[in-house]
Amino acid sequence: MYSEYYGLTARPFQLTPDPRFYFDSATHKKAMAYLGYGLAQGEGFIVITGDIGTGKTTLVGHLMATIDRERLTAIKIVSTQIEGDDMLRMTAQAMGVSTEGVEKAQILDKIERFLMAQAEHGKRTLLIVDEAQNLPISALEELRMLSNFQAGGHALLQIFLLGQPEFRTRLNGSERLEQLRQRVIATHHLEPMQANEIEPYLIHRLTLAGWQGNPRFSPEAFARMYTHSEGVPRRLNALASRVMLFGAIEQRSVIDGEDVAAVIADMDSDVAPESVSVASPEPLAVTVEPEPDYAAPAVQIAPAPVVGPEPAAADSALLARIEILEGRVAEQEAAIRRVLGLLIDWVESDAATPDRQAVRGAA
């Protein structure tokens, strides 16, 4: 929805990693430098770690998009909690090697033949393993054994391990991984972006999506987005997308700190409406005389005076309650508009997806 309102040609803050939107932050620049050094060595392991959402997958996508395919064959696999033999089969399958009904020794032989064929064509092979923190030691040992393949004194396979911080801790602290640790030639830990990188990061992504300066962002808006996201790209993307949607719904040409604060409050609160309790009017206090004796003269019962605030005070309290309720109704209407906007955005993005049956027919 906001892409159409602001005249964008793409979604600049989608959560799915897209190497087209790679931003060369200080920490990513260092990571690329270590990767370049490691690739120049042509052997061993390169280890890149980072917290969730810091851009590890985008970094790999950028690397894959910039390598020379004529000189390097890059193969990427996303690991799960698999043992050594399954890791070996997954690696072989990523290389296009059949493993069905094949023993381990034969799989190793086929992998070596594949690597030799690449070397004969003047190409080195890089194996990229994502989510390395999930790998047990047996799987890591299989990867280390694969790094032993050589021809003419040169390694046939180089391995790039990508994982969360706990992988770095395990790699440095486990005695059983000493041999693998000795083969790590480059390592880097991705950090969140700094405060002064938030504005260029957002402008970079917006520009790639066709942004022409509408909306503009105030310095306070950038500051609030940094504070909330703590410089983590994925968190920042999620917040920026909601801010843009808010701006489209409210027809903002300038987004300031208060707008960002409103979106953050909306993200932090429940979508369900807040329960509203309205006090019922206080009952009238009436004094009732005991039922008279038939012989006694009839007694007329008069209602007791109303116990409560003076009329002016009661009117003021009622007006205050009405004002509170009206404010809450306005908040709920704003929340409903935002939810409807999200639904419209989702429907429009879904409608833009090619029909699966049509795709199958074309295939």
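Listed values, structure above:
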| read-out | value |
| --- | --- |
| Separation in nanometres of the label points that stand 7 Å from Cα toward Cβ, at MET64 and GLN41 | 2.4 |
| Simple spin-label estimate for ALA265 and THR227 in nanometres, 7 Å along Cα-Cβ | 1.3 |
| Label-point gap, in nm, between GLN182 and ASN148 - each point 7 angstrom along Cα→Cβ | 1.3 |
| Cα centroid separation, the stretch 44-99 to the stretch 124-145 (Å) | 9 |
| Paramagnetic reach from ARG71 (point 7 Å along Cα→Cβ, amide N under 15 Å) across the stretch 124-168 | 124-126 |
| Sequence of GLU112, GLU258 once ranked by neighbouring C-beta atoms within 10 Å, starting from the fewest | GLU258, GLU112 |
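Computed from the coordinates by the stated procedures, all read-outs in this text should not be read as laboratory data. No experiment lies behind these values; they were computed from the predicted model shown. In this analysis, Cβ positions are derived from the backbone assuming ideal geometry, glycine residues included, and neighbour counts consider all displayed protein chains.
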